[in-house]
Amino acid sequence: MAEETKKSIDPATIQMLEKAARDGCRVVFDRAESTKACPIGAEGNCCSICAMGPCRVPVPKGREETPEQKKNRTGVCGATAETIAARNFARKIAAGAAAHGDHGRKVTDMFIAAAKGEAPGYEIKDEQKLLQLALELGVTIGDRSNNEIALDVGEILRAEFGKQEGELLMLKRAPLKRQELWRKLGIAPRGIDREIVETMHRTHMGVDQDYQDLLHIGSRCALADGWGGSMIATELQDVMFGTPTPTHSQINLGVMDKDAVNVIIHGHEPALAEMLAVVSQDPEMIEYAKSKGASGINLAGMCCTANEVLMRHGLPIAGNFLQQELAIVTGALEAMIVDVQCIMQGIVDVAQCYHTKIITTDARAKIQGATHIEFIEHDAIESAKSILRAAIDNFPNRSGEVLIPDVKADLIAGFSHETINYLLGGMYRASYRPLNDNIINGRIRGVAGVVGCNNARTTHDDAHLTMVKELIKNDVLVIQTGCSAMALAKAGLMVPEAAALYAGPGLAEVCETVGIPPVLHLGACIDNSRILMAATAMVKEGGLGDDISDLPAAGAAPEWMSEKAITIGQYFVASGVFTVFGVNFPTTGSKEVSDFLFKDMEDMYGGKWAFEPDPLEAARLMIEHIDKKRKALGIDKARERVLYDMAMRRELE
Ligand code: NFS
């Protein structure tokens, strides 16, 4: 038991780890013990991009290196430790941007198909957002139909992926000063695919071998994700599936139902999940489930697909990244339906210990040993039904012990940046003014975006929870996405009542007045683009400087693991945000590269990286940064003076 508690702070996870051990089933936590991380690779000191290597160039431990020794510490081609670390880092950025970008492209394709009437079942749900996008992109509205407008919008945005020159259209959303800075530094991305390809080319053997230059073009590639691929995905998903509004749901393995056909949809792209949400309500499908002896169909999400359907349908979440195998360990999961990203190959092995069917549905992501039933968007309803039928057919195959942890928490999610606007200002005067005012008067000290994954090399959920509690205790409003949001939701911090329990007095007062939790769930990881938009809205509202880098704000991914997280971190930094990562950092093997990321970038971008595995210390760094920005804005004194007299309370209300 003591061992298990080191692995996770989540009681549902601990209970399932014990069951997995009893059932003789190996899960990710076991593999993390038996497979040690390579310390040289972890620090960025291993180059495997050509067949003369892999070359390992670790810093000698415990002795001072002479200049001569350092000079000789290179790969066979002569690449220095700096080049190797920077090249590895830039490649991670390219991979993350490719993952988000390809998600965005798929959404764009579907959006166009829906506009042409070639994807029955999908339609324009948010007309207002469509029209706003059309205005922004210069698409004629007139008396044209929504589908005609959507077709133009979709085609303009699809062209962003293959664009060869100029700059991405959505860069214009950023504060003017930021746009000018990107142009001046030569990092305004041209086309999404172009930046990814160029980064892959430059990091090929024998091309760009200047670490500063490599990190710089890494920024351009990352910006093509944040203000490109991810932002396009978020925008078009909102138009097609609806812009999220606050919705109540539940989270953790306890949302599974032992009497029903349990189906988990896991991955990232919402197209199939949206359809499953619809067809799982279909009386014909429910009858079919009953004919197999089940009480009905229970659909839940996992990882970012979960966030997508939670935000828009209030569908429950079974868990975050490190819980994917544990849902199978319950013995009550009929099918895990996956699409792309963050799907551990280990689920197939774990499923062999139980009756669960692993169903891959995307042509881009097949797994040996899984059943592949491709989801056809053009015939979405029938296609989703056939996938669901396969899950239902598996219900009678349950065998062995069924144990669903009786652990779940309530949460309120669905805080798109439009919703935050509306909630704060009200329908007739929607604006970020109240947020800015409360930051200026010091009730809210600043804003922190805490995002990212779980990582089996550190206690599951612990760093997320510790960091966020510390931030809100210090009156920092926390906005979240991804698996980090799920960690906080599981711990009960995403309900309005959490403000009184955990937030500092200023933040609690604002949350109670508006009726929001102190920790706001903004969606999936691609929805980090919503954080960029929220930050921009704060700048444009006025009173907090004229660039994102002026805001009393910070970002963090305390349990990151995926390459996408590095891309997100880099576009936060290049957008002017101080960003702290935990667990480990892939350049610590090169002092020069780390110094460049942790120090010099601030002079260039106004934002920089930091690495701090201790979540309390990391929170302290973020608060220190927020206070530094408050001081620069001249609003540091306001915080000291905050006393809540009746007039101020009335003004708040
Ligand atoms: Ni983000 Fe979402 Fe989770 Fe990490 Fe994976 S699910 S896109 S990468 S693990 S937060």
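The table for this structure:
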| item | result |
| --- | --- |
| Some residue of the stretch 271-292 being within 14 Å of the ligand (Cβ to nearest atom) and under 19 Å from HIS460 (Cβ atoms) | no |
| Any helices (runs of 4 or more DSSP H) falling wholly within the stretch 184-291 and containing at least 3 residues that are touching a Lys or Arg at 6+ places or on another chain (Cβ under 7 Å), of a type outside the set (Lys, Arg) and under 25 Å from ILE343 (Cα atoms) | 230-241 |
| Test: residue in the stretch 299-322 that is surrounded by 24 or more Cβ atoms within 10 Å (Cβ to Cβ), aliphatic (A, V, I, L, M) and over 29 Å from MET110 (Cβ atoms) | yes |
| Set LEU333, LEU299: member being in contact (Cβ under 8 Å) with a residue 12 or more places away in the chain, in a loop (DSSP other than H, G, I, E, B) and touching a helix residue (DSSP H, G or I) at 6+ places or on another chain (Cβ under 8 Å) | LEU333 |
| The stretch 47-63: number of residues that are surrounded by 15 or more Cβ atoms within 10 Å (Cβ to Cβ), at pLDDT below 95 and farther than 13 Å from SER590 by Cα | 1 |
| Failed condition for LEU276, given (1) farther than 21 Å from ALA489 by Cα; (2) outside the structural domain of ALA289 (by TED's automatic domain parsing) | (2) |
| Of the criteria (1) over 19 Å from MET200 (Cβ atoms); (2) touching a helix residue (DSSP H, G or I) at 6+ places or on another chain (Cβ under 7 Å), which one ILE93 fails | (1) |
| Number of positions in the stretch 336-364 that are open to solvent by 10 Å² or more (accessible area, probe 1.4 Å), within 17 Å of LYS106 (Cα to Cα) and without any contact (Cβ under 8 Å) to a residue 60 or more places away in the chain | 1 |
| Criterion violated by ILE358 - all others in (1) assigned to a strand (DSSP E or B); (2) closer than 15 Å to GLU269 by Cα satisfied | (2) |
| GLU377 of a type outside the set (Ser, Thr, Tyr), surrounded by 15 or more Cβ atoms within 10 Å (Cβ to Cβ), within 24 Å of the chain's Cα centre (by Cα) and modelled with pLDDT under 95 | no |
| Filter result (buried (at least 24 other Cβ atoms within 10 Å of the Cβ) and of a type in the set (Gly, Ala, Ser)) within the stretch 230-255 | SER230, ALA233, SER249 |
| Scope the stretch 256-268; condition without any contact (Cβ under 8 Å) to a residue 60 or more places away in the chain and open to solvent by less than 10 Å² (accessible area, probe 1.4 Å); matching residues | ALA260 |
| From the options PRO558, PRO586, residue that is of a type outside the set (Phe, Trp, Tyr) and out of contact with any Pro (no Cβ under 7 Å at 6 or more places or on another chain) | PRO586 |
| Number of the condition not met by THR66 [criteria: (1) open to solvent by 10 Å² or more (accessible area, probe 1.4 Å); (2) at pLDDT 95 or above] | (2) |
| Given (1) in contact (Cβ under 8 Å) with a residue 60 or more places away in the chain; (2) open to solvent by less than 50 Å² (accessible area, probe 1.4 Å); (3) away from the ligand (no atom under 16 Å from the Cβ); (4) on the phi < 0 side of the Ramachandran plot, number of the condition GLY44 does not satisfy | (4) |
| Count of residues meeting criterion [open to solvent by 60 Å² or more (accessible area, probe 1.4 Å) and either in contact with an Asp or Glu (Cβ under 6 Å, 6 or more places away or on another chain) or free of Cβ contacts under 8 Å to residues at least 40 places away in the same chain (or both)] in the stretch 150-168 | 2 |
| Cβ pairs under 7 Å, 6+ apart, first in the stretch 482-511 and hydroxyl-bearing (Ser, Thr, Tyr), second assigned to a loop (DSSP other than H, G, I, E, B) and within 16 Å of the ligand (Cβ to nearest atom) | SER484/VAL451; SER484/GLY452 |
| Unique residue being farther than 30 Å from ASP595 by Cβ, out of contact with any Lys or Arg (no Cβ under 7 Å at 6 or more places or on another chain) and small (Gly, Ala, Ser) when the list is ALA174, ALA98, ALA150 | ALA150 |
| Verdict on LEU326 being within 16 Å of the ligand (Cβ to nearest atom) and within 19 Å of the chain's Cα centre (by Cα) | no |
| Flag if ASN421 is in contact (Cβ under 8 Å) with a residue 60 or more places away in the chain and within 16 Å of the ligand (Cβ to nearest atom) | no |
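The values are calculated or read from the model by the stated rules, or taken from the named source; none is laboratory data. Owing to the predicted nature of the structure, the values given are computational and were not obtained by experimental measurement. Cβ: placed from backbone, ideal geometry, glycine included. Neighbour counts: every protein chain shown. Quick note on the areas: whole protein, heavy atoms, side chains included, nothing else; ligands and nucleic acids left out. Shrake-Rupley method; radii C 1.70, N 1.55, O 1.52, S 1.80 Å.
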